Amino acid sequence: MQKREELYRGKAKTVYRTDDENLLVLHFRNDTSAFDGQKVEQLQRKGMVNNKFNHYIMQKLEAAGIPTQMEQLLSDDECLVKKLEMIPVECVVRNRAAGSICRRLGVEEGLVLNPPTFEFFLKNDALHDPMVNEYHIRSFGWAKDEHIAKMKELTFKVNDVLTALFDAGGMVLVDYKLEFGLFNGEIVLGDEFSPDGCRLWDKETNKKMDKDRFRQGLGDVIEAYEEVANRIGLTF
Ligand code: ADP
Ligand code: UDP
């Protein structure tokens, strides 16, 4: 496999074409952003930690029967993935209230959500990723009914697998964001799962071990990500 030209430079990753039109290289950079790209910093080791973390999680999800983009780890900060036709919505499941749901609905951080909630957001930084519903997704043609249903089913399946994995490591999976795309007409999990796109709290102390450490200026961001990894059996 030969890496070819840059296809897209996002806020945290750069996507490259390869000599195989069905495969891409994802390069995880150290860039860390929050608030739709308004706060940006370089955090040493982040690219490596998130790349390996994402590969580890996607392997676990694949083993649990969830179709993922993952082909192989290529280096410390690169992996080879299937080229998906991305669906421009983010799928968010919440087991506890935190972040935007607290601001929108005036609920206290930490409230247990049983059953967990599901929300769609449009991927659009200029519009600040507004929340959308299934009617918007259908009317604007972002995804078909069967694909909407599949994204929800798989996002909840991910919740079962990862809630158990993090629980065994002494952590609560508070919420997370997934992105899906189509590969040969089938819904496949893309993008990344790392502490950049989820919330994880220590079960005993409620210590935040995810990107909220960066958003809220709590420090030791990558140290916390590495601790999360170690607790679920991944060492660097
Ligand atoms: P953003 O676009 O939000 O700044 P990133 O820096 O993570 O995010 O950029 C990665 C981009 O690559 C995102 O737009 C994401 O939708 C896209 N992407 C992720 N995985 C795949 C894939 N397997 N195939 C095609 N595109 C992908
Ligand atoms: N999230 C993400 N990318 C986004 C928006 C949200 O990865 O563009 C993740 C976020 O890290 C959290 C979950 O999705 O784990 C829910 O985010 P929320 O709606 O609470 O927004 P926030 O307040 O984090 O911006």
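Some notes on this structure:
- Distance between the modelled labels on D167 and R104, one decimal in nanometres: 2.6 nm (7 Å Cα→Cβ projection).
- Coupling constants for the range 206-221 follow from the phi torsions by the Karplus curve (6.51 cos²θ - 1.76 cosθ + 1.60, θ = phi - 60°), and in residue order they are 6, 4, 7, 10, 9, 5, 4, 5, 6, 4, 9, x, 7, x, 6, 5 Hz; glycine and proline get x.
- Sequence-distant contacts, meaning Cα pairs under 8 Å at least 6 residues apart, place the relative contact order of the chain at 17 percent.
- Relative contact order (percent, whole number), the range 1-106, Cα cutoff 8 Å, 6+ residue spacing: 20
- For N114 and E62, the difference between the fully extended length at 0.36 nm per residue and the C-alpha to C-alpha distance is 16.1 nm.
- Taken one residue at a time, the phi angles of the range 31-41 give Karplus couplings (6.51, -1.76, 1.60, θ = phi - 60°) of 4, 10, 10, 8, 6, 6, x, 6, 10, 9, 9 Hz. Gly and Pro are set to x.
- Using all pairs of distinct alpha-carbon atoms, the Kirkwood hydrodynamic radius of the range 106-236 works out to 16.4 angstrom.
- Net charge, T14 excluded, C-beta distance under 12 Å - Lys, Arg +1, Asp, Glu -1: +1
- DSSP loop GluC sites (Glu not before Pro) with at most 16 other Cβ within 10 Å excluded, longest remaining stretch of the chain: 110-203
- Computed lengthening from L127 to E6, 0.36 nm per intervening residue step minus Cα-Cα distance: 41.0 nm
- Bins of 5 Å from zero: percent of alpha-carbon pairs in the range 7-109: 2, 11, 15, 19, 20, 16, 10, 4, 2, 0, 0
- Order of M48, M86, M171 - criterion: other Cβ atoms within 10 Å of each residue's Cβ, fewest first: M86, M48, M171
- Taking label positions 7 Å along the Cα-Cβ direction at both D76 and D220, the computed distance is 2.3 nm, reported to one decimal.
- In this structure the amide hydrogen of D175, modeled in the peptide plane, comes within under 5 Å of the amide hydrogens of N95, R199, none closer than 5 places in sequence on its chain.
- All C-alpha pair distances within the chain, sorted into 5 Å bins from zero, spread as 1, 6, 14, 19, 21, 20, 13, 6, 2, 0, 0 percent across the bins.
- Extending 7 Å from Cα along the Cβ direction at T235 and again at T205 yields two label points whose distance is 2.2 nm.
- Distance-filtered residues of the range 1-37 - backbone nitrogen under 19 Å, label point 7 angstrom along E186 Cα→Cβ: 21-24
All of the numbers you see were taken from the coordinates with simple rules; none came from a lab. The structure presented is a predicted model; accordingly, all values stated were derived computationally and were not measured. Cβ coordinates were reconstructed from backbone atoms using ideal geometry, including for glycine residues, and neighbour counts include every protein chain displayed.
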